[in-house]
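Enquirer: For reference, the structure I am asking about is given below.
What follows is calculated from the coordinates using simple rules that are stated; it is not laboratory data. In this text, all values refer to a predicted model and were calculated from it rather than measured experimentally. All Cβ positions, glycine included, derive from the backbone under ideal geometry; neighbour counts span all protein chains shown.
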Amino acid sequence: MSTQRQLRVGEEIRHALAQLLMRGDVPWPKGLRPSAITVTEVRISPDLKNATVYIMPLGGEKLAETVKAMNEGVGFFRFAVGKAVKLRYVPTLKFVADESFDAASRIEKILLDPQVARDLKPKD
């Protein structure tokens, strides 16, 4: 269960990273230039020293390469967060792929299955 402070700090970090990615100031490795990256969520530890950043490139293209590149350039992102967000300690960032979109599409596919849809209809 996250505290109000964890949620607030996580949102501040998410906004700072989203602004950075939107401006396009990221030094991407040669050959990798993702079109748009969404920072879906930032979960931060109770001591505010570790943050897990969930990301998803537009359309899920080059997901593994993008996550790897962002984890390799984590120092750049951490410095940018430190400048944008007033905290005593800048948390250590770890970028991971957001799997919630896949789970949502799997659930939707199950609900649209004719056998399941039959059970969801109200009885007369």
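Enquirer: Highest GNM mean-square fluctuation, the chain, Cα pairs closer than 10 Å: which of L20, L93, L111?
Expert: L111
Enquirer: Estimate the FRET efficiency between R8 and A36 by the formula 1/(1 + (r/R0)^6), using the beta-carbon distance for r and 25 Å for R0, to the nearest 0.05.
Expert: Efficiency, from the Cβ-Cβ distance: 0.45.
Enquirer: Among the aspartates and glutamates, which fall within straight-line cross-link reach of K86, defined as a Cα-Cα distance under 14 Å, with same-chain neighbours fewer than 8 residues apart omitted?
Expert: The qualifying aspartates and glutamates are E11, E12.
Enquirer: Another one. If you take the charge dipole of the chain about its Cα centre, with +1 on Lys and Arg Cβ and -1 on Asp and Glu Cβ, which of P57, I13, G82 is farthest toward its positive end?
Expert: It is G82, whose Cα lies furthest towards the positive end.
Enquirer: Compute a Gaussian network model of the chain, connecting alpha carbons closer than 10 Å, and tell me which residue from R43, R33, R106 fluctuates the most.
Expert: R106
Enquirer: For region 63-92, run through the chymotrypsin sites (Phe, Trp or Tyr not before Pro) and keep only the ones in DSSP coil with at most 10 other Cβ atoms within 10 Å of their Cβ.
Expert: Y89
Enquirer: Can you bin the chain into rounded, prolate or oblate? Criterion: square roots of the alpha carbon gyration tensor eigenvalues sorted a ≥ b ≥ c, rounded for a/c under 1.5, prolate for a/b above b/c, oblate for the rest.
Expert: oblate
Enquirer: Expressed as an acute angle from 0 to 90° and rounded to the nearest 10, what is the orientation of the C-alpha long axis of helix 4-23 relative to the principal long axis of the chain?
Expert: Around 80 degrees separate the two axes.
Enquirer: Given Cα pairs under 8 Å that are at least 6 residues apart, what percent is the relative contact order of the chain?
Expert: Relative CO of the chain lands at 24 percent.
Enquirer: In debye, nearest 20, what is the charge dipole magnitude of the chain about its Cα centre with +1 on Lys and Arg Cβ and -1 on Asp and Glu Cβ, if you could check?
Expert: With Lys and Arg at +1 and Asp and Glu at -1, about 480 debye.
Enquirer: Something else: Loop only by DSSP, 15 or fewer other Cβ within 10 Å of the Cβ. Give me the GluC sites (Glu not before Pro) in region 15-79 that pass, ordered by residue number.
Expert: E61
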